[in-house]
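> If you scroll down you'll find the structure; I have some questions about it.
The values are calculated or read from the model by the stated rules, or taken from the named source; none is laboratory data. Fair warning: this is a prediction, and the values are worked out from it, not measured in the lab. Here Cβ is always computed from backbone atoms with ideal geometry, including for glycine, and neighbour counts include all displayed protein chains. To get the accessible areas, we keep the full protein, side chains included, count just its heavy atoms, and leave off ligands, DNA and RNA. Shrake-Rupley method; radii C 1.70, N 1.55, O 1.52, S 1.80 Å.
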Amino acid sequence: MINKANDPSLKSWIEVPNNSDFPIQNIPFGIGKTDHHKPRVCSRIGDQVIDLKTLFVLGYLKNLPFDAEDFDTSSLNNLMRHGKKATSDLRNRLSKLFSMGFNDLKDNEHHVAQVLMPIDQVQMCLPIQVGDYTDFYSSRDHATNVGTMFRDPDNALLPNWLWIPVGYHGRASSIIPSGIPINRPKGQQKPNEESDPIFGPCKLLDFELEMAFITFDGKPLGENITTAEAKNYIFGMCIMNDWSARDIQKWEYVPLGPFLAKSFASSISPWIVTLDALEPYAIDGPQQEPAVMDYLRYEGKHHYDIHLEVAIQPEQAEETIVCQSNYKHMYWNMAQQLAHHTINGCNIRCGDMMASGTISGPTPESFGSMLEISWKGTKPVQMKDGSERKFILDHDTVIMRGHCEKNGVRIGFGEVSTKVLPSK
Ligand code: CA
C-alpha cells in the first residue's frame, strides 16, 4: 500500500532548510512548551513546530477520532490510545494541510501565526509517559565484542544468543529527554580481585547507542502478538542513549543482571518518528542461522536503514565524532522482539518503550559504546581538542543523531544531547 504522505515529490509550503531531518515526509510527534504555552502535542516541518492543540481548536483536525484532551496534554499517550489507524490518519491529515497546493490553512495568515512556532522558541519535553521499559541486546557485533572482551573470543556469543532476542526489564522513571544533564552516578565498584569493594563516583561512564520503539496498547494478559501483527502495535521510534556505569555493572550484575549501573538515566531524542514515515527505509535483515523458532519467523521487511552517529563534545571545544553506525546492523528486528516479549502472555501497554540494545556494526568505526571503541580502555580515542577519551569525562556532552535517506528524501530524528556533570 502506497502511503501518500511518504511521496518523495511532496513539498511543503513551510520552508525546509537543506539537509533538514524534518521535511513534510517526516511529520514526527512530540511534546513542546514555550514561555507562553504549557506542554502540548506538536509536530514539526523544517524549523517550525506545529502546535496541534491550536490546530485542533481552530477546527483543522475534524473528522478524526480525537478530542481536545488528546492534544492539550504533556505526553503522547492519549493520542496513542486511539491506535494505529487513528495516528496514521492524523499524520496524513497534517501532510495534506501543509502540502504545497493545499491552501485551507496557508491562506489564513492569522491561523498560521497561531499554529507555527520557531523551534528555537520551543522547549522539547519527554514525549511519552513510559510505563515499562525493556532493553534488548540484539546487535550481533555488539554481543560478539562484549563476549570477546570478557569471556572467550572463540565462543563470544553465549549459547542462547542466536535463539532468543535476549533482553531485560529496565527502569522507566529515569528516562529523560535530550538536553537534561545527568550527574555522574555513584556506587559500589571492585577495581581488583584482591581487595574489598569501594564506594565512589563511577570511573567508567559509558554511552550505549540505541534506538527505541514505543508501543500502542497490546492485547490482554495471556495473549501474544505475532511478528505479522507487530507493526500494528508500534507507534514509532526515537534515538536512545542508554547510559552505563561499566565499573558498577561489573560488580553488581551477578546473578540477576543489570541494576544500578543502568537505572540512573536513559536519554531519548524528543521527536517520535512514526513507523509509517520509516516504511520507505525498511530493508531485509540478515540471514538468521540457525533457523529461528516458528514464533520468531517473519515475512516482509522489518529492519530499517537508519544512519546513526555519536559525537563527544568536551566543554567549550569542538565535537569529535567517535561512532558511525546504522540500525540495519540489528540481528533481531522489532517484530521479533515484540513477538518474543509477548510469547509468554506478557501484556504490553500504550507507552511502553523497548530499546534495541547497543547498535554496533562490523568495523571499529561503527562500535556503539566507548567500551568497544576504546576496547576496555586499551585504545584511547584522540579528540579534536588534543585530549583523549577511554570513557566519558565530567563536562562532556554526548550527542547522538540519526537519519534515513532515499530517493532524495532525508528524514531524521534530530538529536539526543546530554551533558555529564560531576557526581553530587
Ligand atoms: Ca542497553
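> What do you reckon, is residue 144 of a type in the set (S, T, N, Q), within 16 Å of the ligand (Cβ to nearest atom) and over 22 Å from residue 362 (Cβ atoms)?
no
> For residue 380, state whether it is under 21 Å from residue 143 (Cβ atoms), surrounded by fewer than 24 Cβ atoms within 10 Å (Cβ to Cβ) and of a type outside the set (A, V, I, L, M).
Answer is no for this residue.
> Please go through region 354-368 and give me each residue that is in a helix (DSSP H, G or I) and either out of contact with any Cys (no Cβ under 9 Å at 6 or more places or on another chain) or open to solvent by 10 Å² or more (accessible area, probe 1.4 Å) (or both), ordered by number.
Those that are in a helix (DSSP H, G or I) and either out of contact with any Cys (no Cβ under 9 Å at 6 or more places or on another chain) or open to solvent by 10 Å² or more (accessible area, probe 1.4 Å) (or both): 364, 365.
> I've got another one for you. Quick one: residue 189 ticks every box in (1) within 16 Å of the ligand (Cβ to nearest atom); (2) over 30 Å from residue 344 (Cα atoms); (3) open to solvent by less than 10 Å² (accessible area, probe 1.4 Å) bar one, so which box is it?
Unmet for residue 189, out of (1) within 16 Å of the ligand (Cβ to nearest atom); (2) over 30 Å from residue 344 (Cα atoms); (3) open to solvent by less than 10 Å² (accessible area, probe 1.4 Å): (1).
Residues checked against (1) buried (at least 18 other Cβ atoms within 10 Å of the Cβ); (2) aliphatic (A, V, I, L, M):
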| position | (1), (2) |
| --- | --- |
| 108 | no, no |
| 113 | no, yes |
| 120 | no, no |
| 133 | yes, no |
| 138 | yes, no |
| 150 | no, no |
| 155 | no, no |
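> Scan 93, 44 and give me the residue that is among the charged types (D, E, K, R), within 22 Å of the chain's Cα centre (by Cα) and closer than 28 Å to residue 409 by Cβ.
44
> Quick check on this structure: which one of 61, 90 is free of Cβ contacts under 8 Å to residues at least 40 places away in the same chain, assigned to a helix (DSSP H, G or I) and away from the ligand (no atom under 16 Å from the Cβ)?
Just a single option satisfies the conditions, and that option is 90.
> I'd like the residue in region 233-262 that is of a type in the set (Lys, Arg) and within 14 Å of the ligand (Cβ to nearest atom) and, out of all such residues, is surrounded by the fewest Cβ atoms within 10 Å (Cβ to Cβ).
246
> Please give the number of the condition residue 280 fails out of (1) open to solvent by 40 Å² or more (accessible area, probe 1.4 Å); (2) within 15 Å of the ligand (Cβ to nearest atom); (3) part of a helix (DSSP H, G or I).
(2)
> Which count do you get for residues in region 24-47 that are touching a Lys or Arg at 6+ places or on another chain (Cβ under 6 Å), open to solvent by 10 Å² or more (accessible area, probe 1.4 Å) and part of a loop (DSSP other than H, G, I, E, B)?
1
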